[in-house]
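These notes concern the structure reproduced below.
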Amino acid sequence: MKETNKYERYGFDWRGIHKDTGTTYDSRGFDKNGIHNKTKHKYDLEGYNRDGFDISGFDREGFDLLGFDKEGYNREGYNRNGFNREGVHKDTNTKFNLEGYDCYGYNEDGFNKKGIHKETQTKFDPEGYNSEGCDVRGFDRNGIHHLTWDVFDLLGLDKNGNKIAPPVEDLSKIVGAEASKTKIKKQQINLKPIKNKKIPKRKKGQEVIEKFI
């Protein structure tokens, strides 16, 4: 026999009687299976189910199960990325989040995490520099090459294409470069096989003769 004092999460007992109304429907008109007594389906006359959400998943205040409205903002006015409608981040109180990107995903220089500029939609900004501050040949705005750390590239050309130095052949001579690692040749150890002394074969009858000697 089932216990009469046990109720499920919506307040119905095993018979389908609600603990507050004493009927098969709760105070909002839903039965144990979530069917409304007037509409005969899971949504009431206003279009909300017994959990208070409409068919799109929003409650009467316009928020979904996670607490965000149709525009993607929570009750405090911030979206899932922490920005409000004015584009201000809740943690920094600026237009940029803790990683340095705005609500559109671009940093102060206009690049996103993939290195694409918001104006040109390429790897380079309108002035021709990428997210690391180098142009297509590897020079920064001061004319310093990112590999040689000097005013010329590996071919000895400056930012304007003028030849001012011989080509760099040994990268270890570049300022800031790591010293070249010399290859250590392994000493080859030649193991000569040990020659075993040949034991002369005994002739037939020799063992018998040796016993009598």
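Just so you know, all these numbers are worked out from the coordinates, no wet-lab data involved. Please read these numbers as outputs of a predicted model, since none were measured by experiment. Every residue, glycine as well, gets a Cβ built from its backbone with ideal geometry; the counts of neighbours run over all protein chains shown.
Pull out the extension gain between residue 136 and residue 21, defined as 0.36 nm times the separation in residues minus the alpha carbon to alpha carbon distance; nm, one decimal.
Extending this stretch completely gives an extra 33.8 nm.
Mind giving me the FRET efficiency for residue 104 and residue 74? R0 is 25 Å, r the Cβ-Cβ distance, nearest 0.05 is fine.
Computed FRET efficiency for residue 104 and residue 74 comes out at 0.80.
Report the relative contact order of the stretch 1-68, percent, no decimals, based on alpha-carbon pairs under 8 angstrom and at least 6 residues apart.
13
How far apart, in nm, are two points set 7 Å out from the Cα along the Cα-to-Cβ line at residue 33 and at residue 91?
Taking the simple label geometry, residue 33 and residue 91 are separated by 4.8 nm.
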